[in-house]
Amino acid sequence: MQIDQIFENNKKWIQEKLKVDQDYFKNLSKGQNPPILYVGCADSRVTAEEIMGVNPGDVFVHRNIANMVPNTDLGIMSTINYAVAHLKVDHIVVCGHYYCGGVKAAMQSADLGILNPWLRNIRDVYRIHKAELDGIQDEEERYRRLVELNVQEQCVNVLKTSEVQLAYKDRGITVHGWVFDIHSGKLIDLKIDFESILKKIMDIYRLV
Ligand code: CO
């Protein structure tokens, strides 16, 4: 990929958009009102907008290694705050993906320096679900299951925030856990019952 090519692509893209709608960029510059916050992996193969078939303005996107929602990370916490309290999104999606390098790295013994504290959040997910995961003999299958359980636990982390608890009470915001299967291109809804999870964790995590 040549960097110059990107600017050529951009020129073509502008022309294509203007061909359909002369005011496309004028309208885009007026503001954003996306109904969805998407939290996904930074993996180059899992482009948020393209796999969902959505356009600029449709989805507020945050991506990091292994689609994590650690409560000490100012990046994701600020994104949730802005999307939920200010943009007032109706849905939050945490989207993981099979073949995730971050999840794979967390399943192995290796000192990866500054990546250690980040990946340790995934090791914590493994510890919470150790009984189920250790019961899976096939390593590939265990890897896939950890990807799914990590999505579920990051949905739990989303539900632990005051912004989301308040938005659930006030306007019934919904939380979804998805997995993108790179091998087939399919987006899979894990059908996480976030309302039962929320009820279960509120004893300990209620903030509002
Ligand atoms: Co990944």
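Numerical summary
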{"quantity": "Residue selected from segment 154-208 under the condition in contact with a His (Cβ under 8 Å, 6 or more places away or on another chain) and of a type in the set (D, E), by the criterion farthest from E140 (Cα to Cα)", "calculated": "D189"}
{"quantity": "Unique residue being under 28 Å from L207 (Cα atoms), β-branched (V, I, T), at pLDDT 95 or above and in contact with a Leu (Cβ under 8 Å, 6 or more places away or on another chain) when the list is V151, V179", "calculated": "V151"}
{"quantity": "Elements of type helices (runs of 4 or more DSSP H) in segment 73-167, at least 3 residues being in contact (Cβ under 8 Å) with a residue 24 or more places away in the chain, within 16 Å of the ligand (Cβ to nearest atom) and closer than 21 Å to L190 by Cβ", "calculated": "101-106, 115-128, 139-159"}
{"quantity": "Checking I122 against (1) more than 26 Å from I51 (Cβ to Cβ); (2) β-branched (V, I, T); (3) surrounded by 18 or more Cβ atoms within 10 Å (Cβ to Cβ), the condition it does not meet", "calculated": "(1)"}
{"quantity": "Matching residues in segment 63-105 - criterion: being at positive phi and over 14 Å from the mean Cα position of the chain (by Cα)", "calculated": "K88, Y99"}
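The rows are residues; the columns are (1) of a type in the set (A, V, I, L, M, F, W, C); (2) assigned to a helix (DSSP H, G or I); (3) within 28 Å of the chain's Cα centre (by Cα); (4) more than 19 Å from A83 (Cα to Cα).
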| position | (1), (2), (3), (4) |
| --- | --- |
| N10 | no, yes, yes, yes |
| E16 | no, yes, no, yes |
| N27 | no, yes, yes, yes |
| Q32 | no, no, yes, no |
| V46 | yes, no, yes, yes |
| E49 | no, yes, yes, no |
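The values are calculated or read from the model by the stated rules, or taken from the named source; none is laboratory data. Since this is a predicted model, take the numbers as computed values, not measurements. Please note: Cβ atoms are built from the backbone with ideal geometry, for glycine as well, and neighbour counts cover all protein chains shown.
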